[in-house]
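Contents: one structure, followed by commentary.
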Amino acid sequence: MGKISRYPQRSALHSLIGAVFVWLGLAGAVLAQPVESFDAFKDRMETVAVANGIGRDFYRAVMGPVQPDPSIPSLISGQPEFVTPVWEYLDARIGSGRIGRGQAAVAANGDLLGAIGQRYGVDPYVLAAIWGMESDYGAVLSNRSLIKPIIASLATLAHQRRGRVAEDEAELIAALRIAQARGSGEGLVGSWAGALGHLQLIPTAYLQYGQDGDGDGVVDPHTSLADALASSANYLRGLGYQPGLDWGFEVDVPEGFDYLLADRDIFRPISFFAERGVARVAGRSFSDPGTDVFLYVPAGAEGPKFLMTRNYLVFKGYNFSDSYAMAVAHLTDRLKGGGAFVTPWPRGAQFPNRQQRIDIQTMLARLGYYQGVVDGNIGPVTQAAYARFQADAGLVADGFVTLDAHQRLRDAL
């Protein structure tokens, strides 16, 4: 991809989009039927593009030959972050090969990572972990089967109306602005959802947070690792990353613990949990009992448990998936020489299918525990609702929605 010059900051709306929504989209996004033909969509978007500073002639030259990418719908519906258990996701992405390649990449680029980390106040191992997760330390960028023209991809996403229409259209406009600054849309390639470069920044984030890390006067996250690292470090700081703060700690909790305290909306000092018997695994100690954290129990009372800092939620700003955020967190530690989680995952757990997940939300709503959307997506809201049901039923209220939840709720009606 060619060099790209600096850009003005995006609007407040686009800043919010970049901070809250991510290039992989919302969990379990469901495609709606397009409300217009692809040609009509391109005609309509021309007005939007021109209103956002894209020259009419440039738009027509770039968008005129664009056709929808037929592979996009299946890629949307098959996002692994949202359809596989967290341990399977981690197994697939943090094996010995990726750890080894990452440690080699860190050794080879240690000075650069250290300099960028110091300049922006971001742990260089966090940047290395995101680099590994997003492009396998740059290897993906040369894989023609995985890299796509992002304008065609984003146009397809926006036309498909996958449940985040305004955000997808904003990314398309941002990509067109990048192309216009370069003078051409040729060679502007990235992920199927339009992310750019070594650390895969979405176009709106790149417009606001892109940085010239190598000092050559241009921002190019594709061919310049320095630019990519600096841009992502700047983006993480924009999302609220706090320098010097770890992402979190694996912990043990005592028998009889009140799992309703596992609430990511409420931060409490580590000392609050320590007073209730929560302790770091393997006899490790907390460096600062005053650090604000929330208790996260991703796989129920039998699986690993964590006290998470606000920096963990920043990872979710980069990609709105707990599995992804957990992978970045864990890969960060593994690149530093840390080991696997101490508590094993409950690999024998069985999970409800999509219709059963819809049934679970419907039953929770009928019982008065759930006020969210009935869409079959089991996220924090559904888990919290199920935890309240468990507590009232005299069960361990860990909010872990397995196949058993379906029968328990049926029995309660």
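The values are calculated or read from the model by the stated rules, or taken from the named source; none is laboratory data. Keep in mind the model is a prediction, meaning the values are calculated, not measured. To get the accessible areas, we keep the full protein, side chains included, count just its heavy atoms, and leave off ligands, DNA and RNA. Shrake-Rupley method; radii C 1.70, N 1.55, O 1.52, S 1.80 Å.
Summary of computed values
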{"read-out": "Accessible-area composition of region 292-413, carbon plus sulfur, in percent [1.4 Å probe]", "value": "48 percent"}
{"read-out": "Helix 165-182 axis, angle to the chain major axis (alpha carbon atoms, nearest 10°)", "value": "40 degrees"}
{"read-out": "Carbon and sulfur %, accessible surface of region 117-247 computed with the full protein complex present, 1.4 Å", "value": "45 percent"}
{"read-out": "Matching label, semi-axes √(5λ) of the Cα gyration tensor in Å computed from the structure shown, candidates (1) 43, 22, 18; (2) 37, 28, 17; (3) 32, 28, 18", "value": "(2)"}
{"read-out": "Angle in degrees between helix 38-51 and the longest Cα principal axis of the chain, rounded to the nearest 10", "value": "80 degrees"}
{"read-out": "Descending Cα extents along the principal axes, region 257-346, whole Å", "value": "31, 28, 27"}
{"read-out": "For region 112-240: relative contact order, % (alpha-carbon pairs under 8 angstrom, 6 or more apart)", "value": "27 percent"}
{"read-out": "Relative contact order of the chain, pairs being alpha-carbon contacts under 8 Å that are 6 or more residues apart, as %", "value": "19 percent"}
{"read-out": "Tilt relative to the chain, helix 225-238 - C-alpha long axis, 0 to 90 degrees, to 10", "value": "50 degrees"}
{"read-out": "Lys pairs under 30 Å by Cα in the chain, provided they are eight or more residues apart or on distinct chains", "value": "8"}
{"read-out": "For V251, residues with placed amide H under 5 Å, excluding near neighbours", "value": "V281, K305, F306, L307"}
{"read-out": "For Y369, solvent-accessible area (1.4 Å; no DNA, RNA or ligand), Å²", "value": "40 Å²"}
{"read-out": "F315 accessible area, assembled protein chains, probe 1.4 Å, Å²", "value": "0 Å²"}
{"read-out": "Accessible surface, 1.4 Å probe, highest first, among residues D39, D57, D227", "value": "D57, D39, D227"}
{"read-out": "Accessible surface, per residue, of the chain when the full set of protein chains is kept, probe 1.4 Å, Å²", "value": "42 Å²"}
{"read-out": "With DNA, RNA and ligands ignored, accessible area of E169 (1.4 Å probe; Å², nearest 10)", "value": "30 Å²"}
{"read-out": "Region 340-356-region 229-289 distance, computed between alpha-carbon centres (Å)", "value": "22 Å"}
{"read-out": "Between region 393-413 and region 148-226, the Cα center-to-center distance that results, in Å", "value": "43 Å"}
